[in-house]
1. Could you please tell me which pairs satisfy a Cβ distance under 8 Å, a separation of 6+ or placement on different chains, a first residue in the range 24-48 that is among the β-branched types (Val, Ile, Thr), and a second residue that is at pLDDT 85 or above and assigned to a loop (DSSP other than H, G, I, E, B)?
2. Considering only the range 32-49, how many residues are at pLDDT 85 or above and either touching a His at 6+ places or on another chain (Cβ under 6 Å) or surrounded by fewer than 12 Cβ atoms within 10 Å (Cβ to Cβ) (or both)?
3. Out of the range 32-55, which residues are within 10 Å of the chain's Cα centre (by Cα) and either among the aliphatic types (A, V, I, L, M) or under 17 Å from Ala81 (Cβ atoms) (or both)?
4. All but one of (1) at pLDDT below 90; (2) surrounded by 12 or more Cβ atoms within 10 Å (Cβ to Cβ); (3) over 13 Å from the mean Cα position of the chain (by Cα) hold for Thr79; state the number of the condition that does not hold.
5. Considering only residues that are open to solvent by 50 Å² or more (accessible area, probe 1.4 Å) and within 15 Å of the chain's Cα centre (by Cα), which ones fall in the range 7-31?
6. Exactly one of (1) open to solvent by less than 50 Å² (accessible area, probe 1.4 Å); (2) of a type outside the set (S, T, N, Q); (3) at pLDDT below 75 is unmet by Pro101. Its number?
7. So in the range 19-68, with the set limited to residues that are touching a Phe, Trp or Tyr at 6+ places or on another chain (Cβ under 9 Å) and among the aromatic types (Phe, Trp, Tyr), which one is farthest from Val89 (Cα to Cα)?
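The values are calculated or read from the model by the stated rules, or taken from the named source; none is laboratory data. Just so it is clear, the model here is predicted, and its values are computed rather than measured. Positions of Cβ are backbone-derived with ideal geometry, glycine not excepted, and every protein chain shown enters the neighbour counts. Side chains included, ligands, DNA and RNA excluded: accessible areas come from the protein's heavy atoms. Shrake-Rupley method; radii C 1.70, N 1.55, O 1.52, S 1.80 Å.
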Amino acid sequence: DPGGHGCPNFITGAGAFLQAVWAGYGGIRITDHSLEFNNPYPPPPSQSLVLNRLAFANTFLDVVITEDSISLKISLQQTDAEPVRLIAVFQNNHEKLGDVP
């Protein structure tokens, strides 16, 4: 804008910010067959990172990440959905959380 007002709704910038939060602090990696959490931690100085209705493979998850734990709760799953494979990695220790039926 020649008047110097810029773009009031820079939607791709907002999307990049959100991606930095869930992929960076949340450590989320999406593959064809699994949803992985690699060394997740809350952004400083927060005590937790909460992701509500995270969608993957016809399943919606509520995720709470703290400095030393991760909590997952299925908030909605289609009846014909395939099992969801969840993997959490803390300090380079692979721990398969299992398949969610």
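1. Ile28/Pro40
2. 3
3. Within the range 32-55, the subset within 10 Å of the chain's Cα centre (by Cα) is 35-37, 40, 49-55.
Matches in the range 32-55: Leu35, Leu49, Val50, Leu51, Arg53, Leu54, Ala55.
4. Result: Thr79 fails condition (2) only.
5. Ala16, Phe17, Leu18, Gln19, Ala20, Trp22, Tyr25, Arg29, Ile30, Thr31 - these are the residues of the range 7-31 that are open to solvent by 50 Å² or more (accessible area, probe 1.4 Å) and within 15 Å of the chain's Cα centre (by Cα).
6. So Pro101 meets the others, but not (1).
7. This residue is Tyr25.
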